[in-house]
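K.L.:
Sending over a structure as structure tokens; questions will come in a sec.
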Amino acid sequence: MFIGHFALGVATKKIAPTLPIWILLLAPQFMDLMFMPLVALGIEGYELGAYGHDTLDALYTHSLVGAAVIAALAYWIGNKFWRDSNGGLILAALSFSHCIIDLFVHHQDMAILPGNLGDLPLLGFGLWNFEYSVFAIEVAMAIIASVFYVQWAKAEKKGPRWFVGPTLVTAFFVILIAADIPRLPAV
Ligand SMILES: [Zn+2]
């Protein structure tokens, strides 16, 4: 699940109209954003595979405790910049949603404690084994999110250029979806 995280953020625009769309896109991906520097430092890592079959070593950013820490950071950012519009709670919830969604799709690679301290069981229900179903869910989420965003922009954005944001976001989803299609397993 990659597109779905972005979609959830975009779909939130309707209930969080005063938060800019870019932060709503980014917040559900804070965990993956933290993952990247840790990969660069060699602390976490990944090996690309077919769709749904990347091998991930993300024992810090994608641990339950790590996710809670990152959500706390999201809360701090939201509170600092968008306090009046409940930005802290919204960004924290979006950030932590990444962990909940990943728990369903990941292949038992999510730790409870950072670095899998104490060798506790790794979590993940492995829905990624149903590649086409997860992909269909991601596409559906992207469509719903885009429709919500169009509806919101059309109703709320004054001026003739209301469609610019929704068009950019929809194009972004189309690119991500098109990039995933060749990675799907042969039927
Ligand atoms: Zn992730």
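Since every read-out is calculated from the coordinates, none of them should be taken as a lab result. The shown structure was predicted, so the numbers you read here are calculated from the model rather than taken from an experiment. Cβ coordinates were reconstructed from backbone atoms using ideal geometry, including for glycine residues, and neighbour counts include every protein chain displayed.
K.L.:
What are the pairs with Cβ atoms under 6 angstrom where one residue, in the range 45-65, is crowded, with 21+ Cβ neighbours inside 10 Å and the other, located anywhere, is hydrophobic (A, V, I, L, M, F, W, C) and part of a strand (DSSP E or B)? Sequence gap at least six, or different chains.
P.N.:
Going by the 6 Å Cβ cut-off, the qualifying pairs are 62/110.
K.L.:
Does the range 82-103 hold any residues that are under 30 Å from residue 42 (Cβ atoms), in contact (Cβ under 8 Å) with a residue 24 or more places away in the chain and surrounded by fewer than 20 Cβ atoms within 10 Å (Cβ to Cβ), and which are they? Walk me through it before giving the result.
P.N.:
Applying the first criterion (under 30 Å from residue 42 (Cβ atoms)) to the range 82-103 yields 91-92, 94-103.
Restricting the remaining residues to those that are in contact (Cβ under 8 Å) with a residue 24 or more places away in the chain gives 91, 94-99, 101-102.
Of everything in the range 82-103, just one residue is under 30 Å from residue 42 (Cβ atoms), in contact (Cβ under 8 Å) with a residue 24 or more places away in the chain and surrounded by fewer than 20 Cβ atoms within 10 Å (Cβ to Cβ), namely 101.
K.L.:
Answer yes or no as to whether residue 95 is in a helix (DSSP H, G or I), more than 19 Å from residue 31 (Cα to Cα) and of a type in the set (S, T, N, Q).
P.N.:
Values: in a helix (DSSP H, G or I): yes; more than 19 Å from residue 31 (Cα to Cα): no; of a type in the set (S, T, N, Q): yes.
So residue 95 fails the test.
K.L.:
Residues 71, 111: which one is touching a helix residue (DSSP H, G or I) at 6+ places or on another chain (Cβ under 6 Å), crowded, with 18+ Cβ neighbours inside 10 Å and within 30 Å of residue 126 (Cβ to Cβ)?
P.N.:
On the way: 111 fails: touching a helix residue (DSSP H, G or I) at 6+ places or on another chain (Cβ under 6 Å).
Going through 71, 111 in turn, the sole match is 71.
K.L.:
So which of 187, 150, 174 is assigned to a helix (DSSP H, G or I), among the β-branched types (Val, Ile, Thr) and over 15 Å from residue 8 (Cα atoms)? Give the derivation first.
P.N.:
Details: 187 fails: assigned to a helix (DSSP H, G or I); 150 fails: over 15 Å from residue 8 (Cα atoms).
Every option except 174 fails the conditions.
K.L.:
Is there a residue in the range 14-23 that is crowded, with 20+ Cβ neighbours inside 10 Å and under 23 Å from residue 134 (Cβ atoms)?
P.N.:
Scanning the range 14-23 turns up no residue that is crowded, with 20+ Cβ neighbours inside 10 Å and under 23 Å from residue 134 (Cβ atoms).
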